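See below for the structure under consideration.
The values are calculated or read from the model by the stated rules, or taken from the named source; none is laboratory data. As the structure is a computational prediction, the values presented were derived from the model and not from experiment. So basically every Cβ, Gly included, is an ideal-geometry build from the backbone, and we count neighbours across all protein chains shown.
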């Protein structure tokens, strides 16, 4: 009896044929990942989404005739809610901010190590939001804009003691399962707490919550 989990089914979008081919070969040779199609065409992407129902879409940011974010907007208006990972050469804060506002689940860079790209794709497929490590400081800058330290403190004061414990563990990179083991609670309870944390802080992802906590913690450390 085959008890192996189903493969992660990925659709690729890039307007450079060499990039499509290289990424297809990279992912196809990794256990547990299946590339259902690679294209540079918005029409073909729509067909891939309808016919193959991929678990996620990995797309470039700067493409013709539609940019990655324009294409994301199009597929959302067409009724597709497939998670999207941006894989790009752009490491600008403005592009990262635009992508986060558009609701992408991952922002990876093409100059990352191949294993790190694959790991990021796996993590997004598992429900996480992933940003390239080199973009972390830019993400902090995005979160800080328009907010004072008092704003952050007021938001964090909304959290219960347990929620703050979980947020600190998130900021340290712990998974839900690791948090459950550390605190002696169920994985479902951790998920519920994470949802409450995101709602109270008006954030959309655990990554943003972790960065927000890190900003406040680092600010406090500098003041001591």
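Can you work out which of the residues in region 130-142 that are buried (at least 19 other Cβ atoms within 10 Å of the Cβ) and in contact (Cβ under 8 Å) with a residue 60 or more places away in the chain is farthest from residue 84 (Cα to Cα)? Within region 130-142, the match that is farthest from residue 84 (Cα to Cα) is 139. Quick one: in region 31-52, which of the residues that are surrounded by fewer than 19 Cβ atoms within 10 Å (Cβ to Cβ) and closer than 17 Å to residue 114 by Cβ is modelled with the highest pLDDT? Among those residues, the one meeting the criterion is 33.
Among the residues here, residue 185 qualifies as modelled with pLDDT of 75 or more and not in a helix (DSSP H, G or I). Got a sec? Which of 85, 36 is in contact (Cβ under 8 Å) with a residue 40 or more places away in the chain, touching a strand residue (DSSP E or B) at 6+ places or on another chain (Cβ under 6 Å) and not assigned by TED's automatic domain parsing to the domain that holds residue 208? Of 85, 36, the one residue that is in contact (Cβ under 8 Å) with a residue 40 or more places away in the chain, touching a strand residue (DSSP E or B) at 6+ places or on another chain (Cβ under 6 Å) and not assigned by TED's automatic domain parsing to the domain that holds residue 208 is 85. Restricting region 60-100 to residues that are under 12 Å from the mean Cα position of the chain (by Cα) and in a helix (DSSP H, G or I), the residue that is surrounded by the fewest Cβ atoms within 10 Å (Cβ to Cβ) is 100.
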